[in-house]
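Novice: Before I ask anything, here is the structure I am working with.
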């Protein structure tokens, strides 16, 4: 079980918050979070469903996290374990997450893969996304994994796609020449780019690209030597 109590700040006002594993009793509220994060015309069939959420809490409970602010679920983050080879990085979101059902979860995997991170729009100025990401880093360390990995949308890329490649767009953000609402956020969370993956997900704004970004376990070398 994971439980981290902390405070978040609405301007200068501290508000009690908790990051914890989500459970079956939370399913309806987690689906509400998805509805708020991805309103129409986003297809409702792509919101979490109860079968997916059930798999999350039964196949890899450690990777099913939610965040409560003043007792209300304000966001969630989900992951699974995969066996990842840096020499063979190409994949799609649907392939590596089993379309969100995580039936391919590998208990012996070396990498925690991010399936989803969602924060209600009305709570996005409180820094919840970064706290959820840091909490998942805790899981990486606890499980003695090599890394956390995931593909981020590149929603600003469609504005530049006729001038530069996706890799060039990603590099510009890393160099601070431009900003992207998702990629810049992931950089602020400590993630580093691996590559721009073509046909990663269906997303017009990203021109179907995803930025694969990782966080390497800083203790992993010592862990592997001690084993």
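Each value in this text was obtained by applying a stated rule to the coordinates, not by laboratory testing. Only a predicted model underlies this, so the values are computations on that prediction, with no experimental measurement involved.
Novice: Two decimals is fine: what is log10 I(q)/I(0) at q = 0.16, 0.18, 0.29 Å⁻¹ for the stretch 22-91, from a Debye sum with one equal scatterer on every Cα and no solvent?
Specialist: Results for the stretch 22-91 at q = 0.16, 0.18, 0.29 Å⁻¹ read -0.64, -0.76, -1.29.
Novice: Could you give the length gained by full extension between residue 50 and residue 98, i.e. 0.36 nm per residue of separation minus their alpha carbon distance, to one decimal place?
Specialist: Full-extension gain reported as 15.8 nm.
Novice: Identify which of 195, 25, 143 has the largest mean-square fluctuation in a Gaussian network model of the chain, with springs joining Cα atoms closer than 10 Å.
Specialist: The residue with the greatest mean-square fluctuation here is 25.
Novice: Projected area of the stretch 133-227, taken from the Cα convex hull and averaged over every viewing direction, in nm²?
Specialist: Its Cα hull, projected and averaged over all orientations, spans 6.6 nm².
Novice: When the Cα centres of the stretch 1-48 and the stretch 134-184 are compared, how far apart do they sit, in Å?
Specialist: After rounding, the separation between the Cα centres reads 22 Å.
Novice: Right, here's the next one. Specify the inter-centroid distance of the stretch 190-215 and the stretch 83-124, based on alpha-carbon positions, in whole Å.
Specialist: After rounding, the separation between the Cα centres reads 12 Å.
Novice: So, one more: Over all pairs of distinct alpha carbons, what does the Kirkwood formula give as the hydrodynamic radius of the stretch 75-127, in Å?
Specialist: 12.4 Å
Novice: Another one. Tell me, what is a quarter of the convex hull surface for the C-alpha atoms of the chain, in nm² with one decimal?
Specialist: 13.2 nm²
Novice: For the chain, with a Gaussian network of springs between Cα atoms less than 10 Å apart, report the residue from 208, 12, 108 with the top mean-square fluctuation.
Specialist: 12
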